[in-house]
Amino acid sequence: MKKITGVDILDEKIKEKLTTANIFKIFNRFIIPLITKPEQDFLEELEEYLMNELEPKVNLDHDVYELFPILGKVKLMQRLNAYKHVRRHGMRYEVLLAMAVSIIDPELDLARVVSGVIFSNPCFQYGENDKIKKIIDEVMSGEKIGCICITERKHGSDAVNMETKIEDKGDYLLVNGEKIYTTNGPVADYFIVYGVEDTNDPRGSMYQVIVERDFEGLETNRLGIQSVPRVHIGQTIFRDVKVPKENILGGRGLGYKNLFEGLVAERNAIIGSSLGIAWLVAIKALIYTNFRDQFGRSIYDFQAVSFPITKLFTELMAATELGFKTATEYRKVEKYEYQSKIIKYAAAFSSGTKFLASNLAYRLCYEAQQLCGGIAFTDNLMIDKALEVAKVQEIIGGARNIQLYLVSRAVKDMIRLL
Ligand SMILES: Cc1cc2nc3c(=O)[nH]c(=O)nc-3n(C[C@H](O)[C@H](O)[C@H](O)COP(=O)(O)OP(=O)(O)OC[C@H]3O[C@@H](n4cnc5c(N)ncnc54)[C@H](O)[C@@H]3O)c2cc1C
């Protein structure tokens, strides 16, 4: 990878204050009162591990994937699903994980969420045979990488009407088509692919299958996404790819149901990452502006700096409360698996929160950059990198308008009560 880091121009006195330990110290002051005792213990142990084992290995000139095994070693590729002996799991733990990893390295968390949650959650939910269990083990170790292929050139927001074909050929399924914007795709070992047997009946004929890197007919190419240079995002082409039946996660028609259930988990995990980015940048801006002097005083002493920062903190505190509430509501989806009203409610709730948290992260990074000044455009503060990742978080898992569309439909449903 081309070197993208530059020289250090940060004042030594400020640098001493801007340590990750200090960022976590302030972060914990806000977060600890919102979470349970077991969650507090998890967060504190997690932060120690990330600071001691992960952060020293982060190199902004290298792809993020070399860091996956460090997370996998202690079962931190995800915390949504129960895995092996891990006791502390569930959506609230996943949100805490996403926040803490994003504070260390937002690009890493983007790729982790795709492999560890968006790819792996359907494997945990629907994969029953030994083959899928082996795939889960490999991806959880961080040694292998997963990705998800939904979006196509002509079908983005309108994902249901996809054109990728998956046909039952008796002994195997045959996949043909092209997916784009596949996060992790160019380096992935495993691909969850959605396709339909009949384009006139996508809901009734959608499959969800796992394609493996060495399957003949699979081709991946990298797209030029400049905002996250350490994450590979690609075009994924399937030409007569034969998929054995043991690689089916959702059979004919079930693929559609699985697609929409998976999106709720995906949005929740993205909420965690967006909140992590927002806390990272808000705290950095708070520290920096307090120790940076202009006109003989700290720039935070100018109300034109401190008030906008305070406003952002206020919004962030509210969004964080809502994020935890959304993660708690996710349990209802698990508990009331067959009650469509509750699932619909949780889906709309997660869309609203995803809209709010990812948009706030973007605005907060942009505003913080203006409030901190030139240094926030360099790699010394990581605010510019966080801003770029925040932009991506806002579109993945469904663009901003689509989240609003889902909420607007749920809100309109209320009219039926009248
Ligand atoms: C960096 C990145 C990573 C991604 N990773 C993945 C991945 O791993 N796997 C994957 O499958 N996809 C991935 N995506 C795709 C992403 O989910 C889509 O970009 C997104 O769903 C929007 O689709 P689109 O880009 O085709 O935009 P379009 O659907 O063409 O939408 C364009 C604009 O029109 C608006 N719009 C569309 N329909 C409506 C409507 N009904 N009402 C109001 N507004 C509407 C949208 O909100 C948007 O603003 C990724 C995208 C990016 C940029």
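No lab work stands behind these numbers, since they all come straight from the coordinates. Note that this is a predicted model, so its numbers are computed, not measured. As a convention, Cβ positions derive from the backbone with ideal geometry for all residues, glycine included, and neighbour counts pool all protein chains shown.
Please build a GNM for the chain, connecting alpha carbons under 10 Å apart, and tell me which residue among Val101, Val187, Val74 fluctuates the most.
It is Val74.
Compare Ala269, Ala21, Ala346 in a GNM of the chain, Cα atoms joined below 10 Å, and give the one with the largest fluctuation.
Ala21
Give, in nm to one decimal, the length gained when the segment between Leu404 and Leu254 is fully stretched (0.36 nm per residue of separation minus the Cα-Cα distance).
Here the answer is 51.4 nm.
So how much slack lies between Asn22 and Glu66, counting 0.36 nm per residue of separation and subtracting their Cα-Cα distance, in nm?
Extra length available between Asn22 and Glu66 comes to 13.2 nm.
Along the charge dipole of the chain, pointing to its positive end and built from +1/-1 on Cβ of Lys, Arg, Asp and Glu, which listed residue (Leu80, Pro33, Val241) has its Cα farthest out?
My answer, from the dipole projection, is Pro33.
D for the range 260-417, whole µm²/s, Stokes-Einstein with Kirkwood Rh over alpha-carbon pairs at 4 °C and 1.567 mPa s: what number?
Value of D from the Cα-based Kirkwood radius: 78 µm²/s.
Can you give me the angle between helix 130-140 and the longest principal axis of the chain, using Cα atoms only, in degrees from 0 to 90, rounded to the nearest 10?
Taking Cα atoms only, the helix is inclined about 10 degrees.
Among the lysines, select those whose C-alpha is under 29 Å from the C-alpha of Lys165, and discard any that sit fewer than 8 residues away in the same chain.
Qualifying lysines at Cα under 29 Å: Lys131, Lys133, Lys134, Lys144, Lys154, Lys179, Lys242, Lys245, Lys257, Lys344.
Give, as ranges by residue number, the residues of the range 161-181 whose backbone N falls under 15 Å from the point 7 Å along Cα→Cβ of Lys131.
Counting only backbone N, you get 167-175.
From the C-alpha gyration tensor of the chain, pull out the three semi-axes of the equivalent ellipsoid (sqrt of 5λ each), sorted largest to smallest, in whole Å.
37, 23, 20
Per residue, how big is the convex hull around the C-alpha atoms of the range 12-140? Give it to me in cubic angstrom, could you?
Output value, Cα hull per residue: 105 Å³.
Check cross-link reach from Lys17 to the lysines: straight Cα distance under 27 Å, and skip same-chain residues fewer than eight apart.
Lys3, Lys25, Lys57, Lys284, Lys311, Lys385
What nm distance separates the two modelled labels at Asp171 and Asp240, each placed 7 Å from Cα along Cα→Cβ?
Each label point is offset 7 Å from its Cα along the Cβ direction, giving 1.5 nm.
Can you compute the FRET efficiency between Lys412 and Lys325 using 1/(1 + (r/R0)^6), with r the Cβ-Cβ distance and R0 = 25 Å? Round to the nearest 0.05.
In this case the efficiency is close to 0.65.
Using Cα springs under 10 Å in a Gaussian network model of the chain, which residue among Arg87, Arg267, Arg400 shows the largest mean-square fluctuation?
Comparing Arg87, Arg267, Arg400 in the GNM, the peak value goes to Arg87.
FRET efficiency for Ile9 and Arg153, Cβ-Cβ distance as r, R0 = 45 Å, nearest 0.05?
FRET efficiency, Ile9 to Arg153: 0.60.
Which one of Ser274, Thr164, Pro69 has its Cα pushed farthest toward the positive end of the charge dipole of the chain, where Lys and Arg give +1 and Asp and Glu give -1 at the Cβ?
After comparing all options, I get Ser274.
Among the chymotrypsin sites (Phe, Trp or Tyr not before Pro) in the range 205-308, which ones are in a DSSP loop with at most 12 other Cβ atoms within 10 Å of the Cβ? Mind listing them?
Phe295
Treat every Asp and Glu Cβ in the chain as -1 and every Lys and Arg Cβ as +1, leave all other atoms uncharged, and give the resulting dipole magnitude about the Cα centre to the nearest 20 debye.
Dipole about the Cα centre, nearest 20: 1100 debye.
Evaluate the charge dipole of the range 178-305 about its Cα centre and quote only its size in Debye, nearest 20, assuming +1 on the Cβ of each Lys and Arg and -1 on the Cβ of each Asp and Glu.
My answer is approximately 480 debye.
Over the chain, what is the relative contact order in percent, taking alpha-carbon pairs closer than 8 angstrom and at least six residues apart?
Over the chain, the number comes to 16 percent.
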